[in-house]
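These notes concern the structure reproduced below.
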Amino acid sequence: MNSSVFRSLQSHNFRLFMSSQIVSMTGIWMQRMATVWLVLSLTDSPFLSSTNDFASQVPILVLGLFSGALVDRIDKRHLIQATQFMLLLLALLMSFLTLSRYATYPIILAISIVLGAINAFDMPARQACISQMVDRPEHLANAIALNSAVFNLSRVIGPTVAGFIVAGVGEGYCYLLTGIAFIAPIYALSVMRLPPQRAPERRVNVGESIREGLAYVAGNGHLKIVLLLVCAVSFLGMPIYVTFSAFVKMVLKEDASFFGLVLGGVGLGALSSTIHIAAAPNIRGLPKRILWALILMGIGLTAMALIRNRWVLIAMAMLVGGGLVYSTTGCNTMLQTFISDAMRGRVMSLYVMAFSGFAPLGSLAAGIIMNRISIVGAIFSQGAACFLMALIYLCAVETLDRNIDRIYGR
C-alpha cells in the first residue's frame, strides 16, 4: 500500500479534505469559467477580460507576505473556514447580480479584487495545512500531488459542466452552484481531528516574522530557484484562461460549450501529470522531468496558435495543461520537501505569491499583446517564451538534483 498512488489517503483527515476539495474546487472552476465568459459577453474586449483576471489575482501578490506570516501564527483550520465562508457569500452575490441582470463590468471588477484579497489568505493556509492532515511524514509528497490531482480533476469537470450551463441557462447558475459547493470544506474542517497547532517558539511581530521568512529563502539557493521558476511558469502559462477564451470566442467563433471542452482538455492533461507525480516513490529525478514538462507546454502553445482543427486543439490543450501543472506541482512538492515546519506558512505564501501573484501580470501582458498585435500572436509568444524558459532552467537542474540527493542521504 505504501507504493500506492493513493497512500496518503490512509490518513482520515486527509480523506475528508480531499472529498471536500473535489466539490469546492469544481465550483471554483465553474465560477472562473463563467466570469471569463461573462466579462467577454458584456464588454467584447479581451483586454478588459485580462484586466479583470489581473484584478482577481494581484491582491495575492500585494498581501502574500503578510498572509504567510499570519498563517504561521494562528489556527489554520479556523482561518480556512472563515475564508471559505466569505467565498461562499461572494459566489451567491455574483449569482444574484447576474440572474437579476445588475452585473456590470465595474461591479465584477470590484468583486474580483475582494475575491483576490480573500484568496491571499485562503490559498497559503490550505497549502500549509496539508502537512497537519497527513499522519506519516513520508506521505507528504504524495498528499501534495493528490491535492493537485483533485485540483486538476475539478479543472476537467468544472469548466466542461460550466460551458454547458452557460450555453443553456446562463452564468448566474454557475455562481449559485459554486456558493453551495463551499459548504463542503466548511463542514469537513469542522469534523476533522487535527492536532493542536504549536505556538511559535518565540513571539515576534509580523514584520520580524516576514523578515525571517525572506531571510530563510534568501539563504537557500535551491528555494530561490524553485520560486523563480514558479514565477516564470505562472507569468507565461496561467494567462491561457484569458487567451484561450478570446481565441475560442473571437478567432474560432465557437460558443461557451467548446470553451469548456478546451479547458477540460487542459484539466485532463493536468490531471495526468499530477497522477504521474503522485505515483513516484520520492522526488528523485523530478527536476529533469520538470524540464520536459516546460518543453511540452511550449509545443502545445505554439501548435495551438497555428492549428484550427477542433480535436487537435483539444489535444494540444492537454499538452499545455500537462506541462503547466507538472512544473508547478513539481515545484510545490520540492518546496514542501525542502522546508521546515516552522517556516511552512511563510514559504508557501511566497509560493502562492509566485503562482497566483505573477499570473495577473502575465494576463495583463497577454491582454496588451492581444489588443495591439493579435490573439494568435499572444498565444504563439507564450509558446516561444516557454522554450526560452526551459533553456534557462536547464542550468539549474543539477543544483536541484544535488540538494535532493542530500535529503535522501546519497
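The values are calculated or read from the model by the stated rules, or taken from the named source; none is laboratory data. Please read all numbers here as calculations on a predicted model, not as lab measurements. When we count neighbours, we look across all protein chains shown, and the Cβ atoms used for this are built from the backbone with ideal geometry, even at glycine.
Taking the stated definitions as given, is M343 touching a residue at least 40 places away in the same chain (Cβ under 8 Å), assigned to a helix (DSSP H, G or I) and surrounded by fewer than 24 Cβ atoms within 10 Å (Cβ to Cβ)? Judged against the criteria, M343 is a match. Of the helices (runs of 4 or more DSSP H) lying entirely inside the range 113-221, the ones with 1 or more residues being buried (at least 23 other Cβ atoms within 10 Å of the Cβ), modelled with pLDDT under 85 and of a type in the set (V, I, T) are found at 140-168.
Of the residues contained in the range 37-49, none is found to be closer than 27 Å to L140 by Cβ, at pLDDT 85 or above, among the β-branched types (V, I, T) and surrounded by fewer than 20 Cβ atoms within 10 Å (Cβ to Cβ). The residues listed here are G330, G323, G345; of these, the one that is in contact with a Lys or Arg (Cβ under 9 Å, 6 or more places away or on another chain) and under 18 Å from S272 (Cβ atoms) is G330.
Residues considered: M353, M343. Of these, the only one that is at pLDDT below 90 and more than 22 Å from I290 (Cβ to Cβ) is M343. Within the range 357-373, the residues that satisfy the criterion of being of a type in the set (G, A, S), out of contact with any Gly (no Cβ under 8 Å at 6 or more places or on another chain) and either buried (at least 24 other Cβ atoms within 10 Å of the Cβ) or farther than 18 Å from V233 by Cβ (or both) are A359, S363, A366, G367.
Checked against the criterion of being of a type in the set (F, W, Y), part of a helix (DSSP H, G or I) and more than 20 Å from the chain's Cα centre (by Cα), the candidates F17, F47 yield just one match: F47.
So which residues in the range 228-260 are surrounded by fewer than 24 Cβ atoms within 10 Å (Cβ to Cβ) and assigned to a loop (DSSP other than H, G, I, E, B), if there are any at all? Those that are surrounded by fewer than 24 Cβ atoms within 10 Å (Cβ to Cβ) and assigned to a loop (DSSP other than H, G, I, E, B): M238, L252, K253, E254, D255. Applying a threshold of 9 Å to beta carbon distances and a minimum spacing of six or more residues, or different chains, the list of pairs starting in the range 207-220 at a residue that is touching a residue at least 12 places away in the same chain (Cβ under 8 Å) and under 17 Å from Y351 (Cβ atoms) and ending at one that is in a helix (DSSP H, G or I) and among the hydroxyl-bearing types (S, T, Y) reads G213/S349. If you check V62, V71 for being of a type in the set (A, V, I, L, M, F, W, C), farther than 16 Å from I28 by Cα and crowded, with 23+ Cβ neighbours inside 10 Å, only one passes: V71. Screening the candidates L324, L291 for the property of being surrounded by fewer than 24 Cβ atoms within 10 Å (Cβ to Cβ), at pLDDT 85 or above and closer than 22 Å to A390 by Cβ yields one hit, L291. When L79, L109, L92 are screened for being farther than 30 Å from F247 by Cβ and surrounded by fewer than 18 Cβ atoms within 10 Å (Cβ to Cβ), only L92 passes.
Here I28 meets each of (1) in a helix (DSSP H, G or I); (2) modelled with pLDDT under 85 with one exception, condition (2). Residues in the range 67-89 that are modelled with pLDDT under 80 and within 20 Å of the chain's Cα centre (by Cα): 3 in all.
Of the residues making up the range 308-319, at least one is part of a helix (DSSP H, G or I) and under 30 Å from N403 (Cα atoms). In the condition set (1) part of a helix (DSSP H, G or I); (2) under 16 Å from Q31 (Cα atoms), A103 is compliant with all but (1).
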